[in-house]
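**Student:** Below is a structure I'd like to ask you about.
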Amino acid sequence: MVERKIKTIYDVVCPFCGTLCDDLEVDIDIKEDSVIEVRNGCQIGTKKFFSSNPSGHRYLKPRIKTNGEHKEVSWDEAIDAAADILVKAKRPLLYGFSSTECEAQSKGVELAEILGAILDNTASVCHGPSLLAIQDVGAPLSTLGEYKNRADLVIFWGSNPVHAHPRHLGRYSEFVRGYFRKDGRNDRFIIVVDPRNTHTAQIADLFIQVKPNEDYELINAIRAVLRGVELDVKEVSGVSIEKIRELVDMLKLCNFGVIFFGMGLTQTLAHHRNIDAAICLTRELNDHTKFLLEPMRGHYNVTGANQVFTWNTGYAYSIDFSRGYPRYNPGEFSSVDLLIKDEVDSSLIVASDPASNFPAAAVKNLFKHPLISIDPHETPTSAFADVVLPAAFAGIECEGTAYRMDSVPLRLRKVKNAPGECISDKEILEKLIIKVKEKLGE
Amino acid sequence: MAEIKLKLKKKPELPLEADIITPDNLVGKTIAEIKKLAIYHGKEVVKLGDFFDISGKSTDINDTKIIIEGDLSNVKRIGEKMSGGEIVVNGNVGMHVGNQMNGGKITVNGNADDWAGAMLQGGELEINGDAGHYVGAAYRGFWQGMKNGTIKVKGKVGNETLAWVNGSKPGNRFPKLICGSAGAFLGIHSHGGIIIVEGDSDRCAGADQVRGTIVIKGKISRLLPSFKKIGEVNEIELPNGEKITGKYIEYSGDHSVAKNHSKIDKKTGEISNSSNGRLYIAA
Ligand code: SF4
């Protein structure tokens, strides 16, 4: 039997979902440079660590597509080809960034500014509407520790953490014991509002089944009832007025409430207006008790992307540099809208896979024009890319900073080396910046 | 009236940003000078003359009429911040037409894209076709949208038309929209807009309306639960004094807004008829 040399690394931050658990333990086979065990992580987070191990789908060298086939090339050739595409484009799009670390994101901003490009991150297809609503009406937010220690009423609205943020419930919102919630789950009343009887709903104390796409009306009715208005109707969005009254009483009588909302609110009809109303409701509830809300951010560092873009440009996503200064307008400069209208003529995708989750019409136009993909492994997007630049996994194979869903920055750790010639997203973008500047004669 | 004619040579591949096309910018310039004005094609700075054939002349802004021909659905920001004169677009027009204008008139003989007349401060925008979303709306993060002037759309307007519209009776500002039919969230967060829909409206008209009047001469697909029926009326008096006759059901609201001026008397349960939001739907 071959002797294995194992190193255990403690307090590793999980680079998968916005919960950003920071208590993982990872066993590494030093000789093979591979992950052999992950403790404390949930199923989806653990899988990401294992997927970094050398395998058939990991890129080891840069690739360029020639005659429809990917050929492995040197870094110099690949960077040259990529820079060529970007410099020639009149309206390039830089998209992704949510699954990489903040230092790489800020390099992305720099590159976009040099290129006069459009810069967007995945918020434009997940919590972008939350950001729009926050711009309109502000937001009473807090950090997750507050909810853990204080909340006695927790609402999951259009979010399903059992599947999307598995350890959120155990670490912050449902089962965990808090300073003022010594009895953990027994000290919290859990409400789920969702059109489907999700697994989160099944372990809640109260499940309110709202009709699909009618959340706005329900929040609207709750707000009116909260103000003491007698409504003309008997039922709103499939929920009876009696039930709404009961709910309002619960909301008013709790000590500390929180609404965790997900894409069930942001990406159903009414989008940012759902959040707008939810924020107003939360604000108005503070006339009676303490109430806050929190978006359940998906990608582990999408919050970071919003932070980095904002402190660099003033805007969180959908930014256009074509006139030399940043401008912002989701709907006009957001990736899906641009691609559907075929308004970009080349794209650089960083740590993201739009081909899997954009509408077909957008993906078709994405593939029509030159495409560069920076990704650790093969995805439907990178498979069709003209240039593939292989990256190390941020948070597994290189260090960096990431922001948790509540905007708390945490330091990601390096637990193993990247295979082959993979380098970090930041280094790749730095190389691109140098080459692009050279080509532009700067 | 002095005329300047612009004819689009060919439809641009990428959106063209032509905020330079306003009477304010073109007046008093020779055709040669006008041809040299900068517009944006993607990240490239090009000349107006590269994309348009230009003829005519003008001397005084209020006496200037710019006539634009061609399919301008990819040309954005025409008439941005214009303060006088007239623009006629014979064809479809791209986003942001007439945004923040405060005087003069724009006529679009075709369809307009999103943000037509966004944050209008005065003047008149007439669209003889359909318009996109956010007609006359406030730009992202602004709390005061359209403040004055009139928008007329023959066809339908998209979602969130006139969001954050901000009128004022004491200030003698009556921002007004007349449209054929409307999408969802018409007049959301209205602070005193006048909206008249000749046909039907989609869900949630008047959401979060603090003040303002919305008249829907057709049907609404879903009325917000926070609107309360007051009764039937035969005549509506708009805040600017104009009158509309016909049988309408009067609702007050939006009652979910904390700042709503429509106070409900705690003892009698009656709604006071002060300067609160109103929604009228044809009976
Ligand atoms: S809950 Fe999220 S951050 Fe925590 S281990 Fe699972 S995937 Fe990773």
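Readers should treat all values here as calculations from the given coordinates under stated rules, not as data from a laboratory. Since the structure is predicted, the reported quantities are computational estimates derived from the model, not experimental observations. For neighbour counting, all protein chains shown are included, and Cβ atoms are generated from backbone atoms with ideal geometry for every residue, glycine included.
**Student:** What are the ³J(HN,Hα) couplings of region A:400-416, residue after residue, when phi is run through the Karplus curve with 6.51, -1.76, 1.60 and θ = phi - 60°? Round to Hz, x for glycine and proline.
**Tutor:** For region A:400-416, the Karplus curve yields x, 10, 9, 9, 5, 4, 9, 6, 9, x, 10, 8, 7, 10, 9, 10, 8 Hz.
**Student:** Let me ask another. Compute the distance in nm between two label points, each set 7 Å from the Cα along the Cα-to-Cβ direction, one at A:S51 and one at A:Q267.
**Tutor:** Between A:S51 and A:Q267, the simple spin-label model gives 1.5 nm.
**Student:** Treating cross-link reach as a plain straight distance, find the aspartates and glutamates whose alpha-carbon is under 16 Å from the alpha-carbon of B:K9, omitting any fewer than eight places away in the same chain.
**Tutor:** Candidates past the 8-residue exclusion: B:E17, B:D50, B:D53, B:E69, B:D71.
**Student:** Still on this structure, please answer the following. Comparing B:E69, B:E235, B:E80, which has the greatest mean-square fluctuation in the GNM of chain B with Cα pairs linked when under 10 Å apart?
**Tutor:** Fluctuation is largest for B:E235.
**Student:** Take the Cβ-Cβ distance between B:S168 and A:S407 as r, set R0 to 51 Å, and report the resulting FRET efficiency rounded to the nearest 0.05.
**Tutor:** Values: r = 38 Å, r/R0 = 0.74.
Once the sixth-power term is evaluated, E becomes 0.85.
**Student:** Describe numerically, in nm with one decimal, the distance between label points set 7 Å from Cα along Cα→Cβ at B:I249 and at A:K364.
**Tutor:** In this crude label model, B:I249 to A:K364 measures out at 4.3 nm.
**Student:** Stokes-Einstein D for region A:330-442 at 4 °C, 1.567 mPa s, Kirkwood Rh over Cα pairs, in µm²/s?
**Tutor:** Details: Rh = 15.7 Å.
So the translational diffusion coefficient is about 83 µm²/s.
**Student:** Could you order the peptides A:210-220, A:193-203, A:99-109 from most to least packed, using the average number of other C-beta atoms within 10 Å per residue?
**Tutor:** Details: A:210-220: 22.4, A:193-203: 18.0, A:99-109: 26.3.
By packing density, highest mean first, the sequence is A:99-109, A:210-220, A:193-203.
**Student:** Using the per-residue mean of other Cβ atoms lying within 10 Å as a proxy for protection, in what order, highest first, do the peptides A:355-367, A:17-29 fall? All intermediate terms of the calculation are to be shown ahead of the outcome.
**Tutor:** Working: A:355-367: 16.8, A:17-29: 21.2.
For the peptides A:355-367, A:17-29, the packing ranking is A:17-29, A:355-367.
**Student:** Which angle from 0 to 90°, rounded to the nearest 10, does the C-alpha axis of helix A:302-313 make with the longest principal axis of chain A?
**Tutor:** With rounding to tens, the tilt is 70 degrees.
**Student:** Take chain B, connect every pair of alpha-carbon atoms lying under 10 Å apart with a spring to form a Gaussian network, then pick out the residue of B:W164, B:W143, B:W115 with the largest mean-square fluctuation.
**Tutor:** B:W143
**Student:** What is the distance, in nm, between label points placed 7 Å from the Cα along the Cα-to-Cβ direction at A:K243 and at B:E69?
**Tutor:** So the two model labels end up 6.2 nm from each other.
**Student:** Tell me whether region A:128-295 comes out rounded, prolate or oblate; compute the Cα gyration tensor, take square roots of the eigenvalues as a ≥ b ≥ c, and use a/c under 1.5 as the rounded threshold. Mind showing how you got there, number by number?
**Tutor:** Numbers: a/c = 1.38, a/b = 1.31, b/c = 1.05.
In terms of gyration-tensor shape, rounded.
**Student:** Which residue, B:S181, B:S55, B:S73, has the most motion in a Gaussian network model of chain B that connects Cα atoms within less than 10 Å?
**Tutor:** B:S55
**Student:** Related question: If the limit is 23 Å between Cα atoms, which of B:K154/B:K176; B:K176/B:K243; B:K176/B:K247; A:K48/A:K414; B:K5/B:K43; B:K47/B:K76 go over it?
**Tutor:** Working: B:K154/B:K176 14 Å; B:K176/B:K243 14 Å; B:K176/B:K247 21 Å; A:K48/A:K414 14 Å; B:K5/B:K43 26 Å; B:K47/B:K76 15 Å.
The answer is B:K5/B:K43.
**Student:** Also: If the label point is 7 Å along Cα→Cβ of A:Q43, which residues in region A:167-184 have backbone nitrogen under 15 Å from it?
**Tutor:** Under 15 Å, as judged by backbone N against the label point of A:Q43, lie A:167-168 of region A:167-184.
**Student:** Can you say what percent of the DSSP beta bridges in chain B, counting only those with both residues inside, are antiparallel? Round to 5. Write out the running numbers ahead of the final one.
**Tutor:** Numbers: 26 of 77 bridges.
Antiparallel: roughly 35 percent of the beta bridges in chain B.
**Student:** Divide by every residue of the protein assembly as shown the summed helix terms, -39500 (n - 2.57) for each DSSP H run of at least 4, and state the resulting mean residue ellipticity at 222 nm, rounded to the nearest 500 deg cm²/dmol.
**Tutor:** One gets -6500 deg cm²/dmol as the mean residue ellipticity at 222 nm.
**Student:** Using Cα atoms only, what is the angle between the long axis of helix A:215-226 and the major principal axis of chain A, expressed in degrees (0 to 90) to the nearest 10?
**Tutor:** 40
**Student:** So if I place +1 on the C-beta of Lys and Arg and -1 on the C-beta of Asp and Glu, and nothing else carries charge, what would the dipole magnitude of chain B be about its Cα centre? I want it in debye, nearest 20. Each step should come with its number before you reach the end.
**Tutor:** Values: 38 positive and 33 negative charges, 98 e Å.
That gives a dipole near 460 debye.
**Student:** Per residue of A:269-282, count partner chain C-beta atoms within 10 Å of its C-beta, then hand back the mean as an integer. Present the calculation step by step, with values, prior to reporting the outcome.
**Tutor:** Working: counts 5, 8, 1, 2, 10, 0, 0, 5, 5, 0, 0, 4, 1, 0.
The mean count of partner-chain Cβ atoms within 10 Å per residue comes to 3.
**Student:** Right, something else. So for chain B, taking the charge dipole from beta-carbon charges (+1 Lys/Arg, -1 Asp/Glu), which of B:N92, B:W143, B:S252 sits furthest toward the positive end?
**Tutor:** The Cα lying farthest towards the positive end belongs to B:S252.
**Student:** Right, something else. Counting only Cα, what are the radius of gyration and maximum Cα-Cα distance Dmax of chain B, in Å?
**Tutor:** Just the Cα atoms of chain B yield Rg and Dmax of 20.3, 73 Å.
**Student:** Take the eigenvalues of the Cα gyration tensor for the protein assembly as shown, scale each by 5, and report the square roots as semi-axes in whole Å, largest first. Could you put the intermediate results ahead of the total?
**Tutor:** Numbers: eigenvalues 413, 306, 57 Å².
Square roots of five times the eigenvalues give 45, 39, 17 Å.
**Student:** Given the C-alpha centroids of region A:243-312 and region A:383-442, what is the distance between them in whole angstrom?
**Tutor:** Using only Cα atoms, the two centres lie 32 Å from each other.
**Student:** Compute the helix-to-body angle for A:271-285: its Cα long axis versus the longest principal axis of chain A, expressed 0 to 90° and rounded to tens.
**Tutor:** That works out to roughly 40 degrees.
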